[in-house]
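The values are calculated or read from the model by the stated rules, or taken from the named source; none is laboratory data. If you're wondering where the values come from, they're calculated on a predicted model, not measured in any experiment. Don't worry about glycine lacking a Cβ; one is built from the backbone with ideal geometry, like all the others, and counts go over all protein chains shown.
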Amino acid sequence: MTRAKAEPVVHIDDGRFRVTEWRFQPGAETGWHIHGHDYVIVPLTDGRLDLGLPDGGSAQASLSQGVPYSRRTGVAHNVVNGGEAPLAFLEVEVVESDLSARRLATLDRFLAAWNGRDVDTLMDCMAETCAFQASSGLGAEGARHEGREAVRAAYAALFEAFPEAAWTRGKHVVSGDTGLSSWRFVGTSRDGRGIEVDGCDIFGFDGDLIALKDSYRKNRS
């Protein structure tokens, strides 16, 4: 038996949420699919869904207009309009968790590149339009280096200033477009002076990549 396909209309897809309106004629189906995100269903009409399940079984779900329900990632089914009238619902998927995971992976790679003294990989983690604000400088924001060439030169200069350097105890968190890394810097300057201080970076993201690295570091006295 060949069924008509339900019509998906995407209303929002902004990197945090994806909101899709599904419209079903009687007997129409979504087709078999596995949900890759946590999601909420908001029925726009009353109706009945017939669900085809992975084990070959089936189930039914009643929709009540305006009464939402939620499901977790990994749900697998084929959704069919089992009623005699058209029905519709909104599917609200939480996609930010995926983006946050990719951003956390970028911060892991970024910290590893600092400890590997790998300027190329550091720049691979930076967005096309990027800036670095150092922990010291003449401005209130510290020395600001803007653009890929300036940022690359500033990173290379840090390695020159500290022939021995390690960023230990690294921890990362991401919330929305902002990331935070904390670490302990242990190094030796070119004149043989040792340093061991805690610090952090506040990051702004452009997609998966770092648009701004804003550094802060303790001063011993």
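Taking the criterion of being in contact with a His (Cβ under 7 Å, 6 or more places away or on another chain), in contact (Cβ under 8 Å) with a residue 12 or more places away in the chain and of a type in the set (Val, Ile, Thr), would at least one residue in segment 105-112 satisfy it?
For segment 105-112, residues in contact with a His (Cβ under 7 Å, 6 or more places away or on another chain), in contact (Cβ under 8 Å) with a residue 12 or more places away in the chain and of a type in the set (Val, Ile, Thr): absent.
Please determine whether any residue of segment 186-206 is out of contact with any Lys or Arg (no Cβ under 8 Å at 6 or more places or on another chain), surrounded by 13 or more Cβ atoms within 10 Å (Cβ to Cβ), in contact (Cβ under 8 Å) with a residue 40 or more places away in the chain and of a type outside the set (S, T, N, Q).
Yes.
For segment 60-79, what are the residues that are crowded, with 18+ Cβ neighbours inside 10 Å and either modelled with pLDDT under 95 or in contact with a Ser or Thr (Cβ under 8 Å, 6 or more places away or on another chain) (or both)?
Passing the criteria: Leu63, Val79.
Is it true that some residue in segment 87-101 is surrounded by fewer than 15 Cβ atoms within 10 Å (Cβ to Cβ) and within 21 Å of Asp214 (Cα to Cα)?
Yes, segment 87-101 has at least one match.
I want to confirm something. Restricting to segment 126-167 and keeping residues that are of a type in the set (S, T, N, Q) and surrounded by fewer than 17 Cβ atoms within 10 Å (Cβ to Cβ), which single residue is nearest to Thr106 (Cα to Cα)?
Initial filter on segment 126-167 (of a type in the set (S, T, N, Q)): 129, 133, 135-136.
Filter once more, keeping what is surrounded by fewer than 17 Cβ atoms within 10 Å (Cβ to Cβ): 129, 136.
Working: Thr129: 16, Ser136: 25 Å.
Here the answer is Thr129.
Hey, among the residues in segment 113-124 that are surrounded by fewer than 20 Cβ atoms within 10 Å (Cβ to Cβ) and touching a strand residue (DSSP E or B) at 6+ places or on another chain (Cβ under 9 Å), which one's nearest to Thr30 (Cα to Cα)? Break it down into steps so the answer makes sense when it comes.
Here is the first cut: in segment 113-124, the ones surrounded by fewer than 20 Cβ atoms within 10 Å (Cβ to Cβ) are 113, 115-121, 123-124.
Then drop every residue that is not touching a strand residue (DSSP E or B) at 6+ places or on another chain (Cβ under 9 Å), which leaves 115, 117, 123-124.
Working: Asn115: 49, Arg117: 50, Met123: 43, Asp124: 39 Å.
Taking the candidates together, the pick is Asp124.
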